[in-house]
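Below: the structure, in structure tokens.
Nothing in this text is a laboratory measurement; each read-out follows from the coordinates by a stated rule. If you're wondering where the values come from, they're calculated on a predicted model, not measured in any experiment. As a convention, Cβ positions derive from the backbone with ideal geometry for all residues, glycine included, and neighbour counts pool all protein chains shown.
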Amino acid sequence: MRRKDKQVTDIEVLNSVINSTLVCRIGLVKDDRPYVIPLNFGFDGSNLYFHSARSGEKVEILKINSHICVEFEQDISIIENEKPCNWGARYLTVVVHGTAELVVDLVEKRYGLVQILEHYKAGGDQYPFINEELEPVLVYKVIVEEIIGKTSGM
């Protein structure tokens with residue numbers, strides 16, 4: 001990171017940003033073309049989980065390139081000044097680099113979906129997810145390789 005004075009390394013702060021974010025954005029690359037989309041997700045303190053339909057651009061890209069970048073943010077606002085060149089931003093962001101693995105084991109697939117429900121306070125541990133419900137959905141686990149936090153104007 002270029003601006004070390006803005007870097008956040010406290011894992012509790014980084015996890016707090018992830019846990020308080022409603023929608024993350026994932027970045028994927030197919031050939032030389034970037035692809036970024038917002039997603040719902042779950043986080044168990046170590047791994048991220050997201051779900052998907054069985055087809056689509058995201059699924060096709062992940063079959064070819066499982067490297068993933070995930071962005072989380074909170075407290076975003078613009079800091080105005082008399083001169084527009086002196087405007088700034090207030091933010092706290094987290095970027096995760098990792099590898100997305102397709103979850104095939106039904107126990108782990110169920111676990112990933114429960115993590116997503118728990119993230120949204122939907123009582124995931126109370127929902128049993130019968131096998132017929134697990135078949136049509138894909139679940140990915142993001143193995144975190146690097147986590148970077150950055151803050152400004154806080």
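Over 25 Å between Cα atoms: which of K58/K150; K121/K150; K58/K141; K121/K141; K30/K150 fall into that group?
K58/K150; K121/K150; K30/K150
In the neighborhood of I26, defined by Cβ-to-Cβ distances under 12 Å, what is the net charge if each Lys or Arg adds +1 and each Asp or Glu adds -1?
With Lys, Arg at +1 and Asp, Glu at -1, the net is 0.
Which entry in (1) 16.0, 54; (2) 17.3, 60; (3) 20.8, 74 is this structure's computed Rg and Dmax of the Cα atoms in Å?
(2)
Would you work out the relative contact order for the chain, in percent, from Cα pairs under 8 angstrom that are 6 or more residues apart?
For the chain, the relative contact order is 31 percent.
May I ask you to derive the FRET efficiency for H97 and V13 from their Cβ-Cβ distance with R0 = 22 Å, giving the value to the nearest 0.05?
Calculated transfer efficiency: 0.75.
Can you work out ³J(HN,Hα) from phi for every residue in the stretch 110-116, in order, using Karplus 6.51 cos²θ - 1.76 cosθ + 1.60 and θ = phi - 60°, giving whole Hz and x for Gly and Pro?
4, 4, x, 5, 5, 4, 5
Please give the contour-minus-distance gain from I78 to E118: 0.36 nm per residue of separation, less the Cα-Cα distance, rounded to one decimal in nm.
This chain segment gains 11.3 nm when fully extended.
Per the helix-only calculation at 222 nm, which mean residue ellipticity applies to the chain, given -39500 (n - 2.57) for every DSSP H run of n ≥ 4 and division by its residues, nearest 500 deg cm²/dmol?
Calculated mean residue ellipticity at 222 nm is -6500 deg cm²/dmol.
Lys and Arg at +1, Asp and Glu at -1: add these up for the other residues within a Cβ distance under 13 Å of L14 and post the number.
-4
What is the packing order of peptides 103-114, 9-20, taking the mean over residues of other C-beta atoms within 10 Å and listing the highest first?
103-114, 9-20
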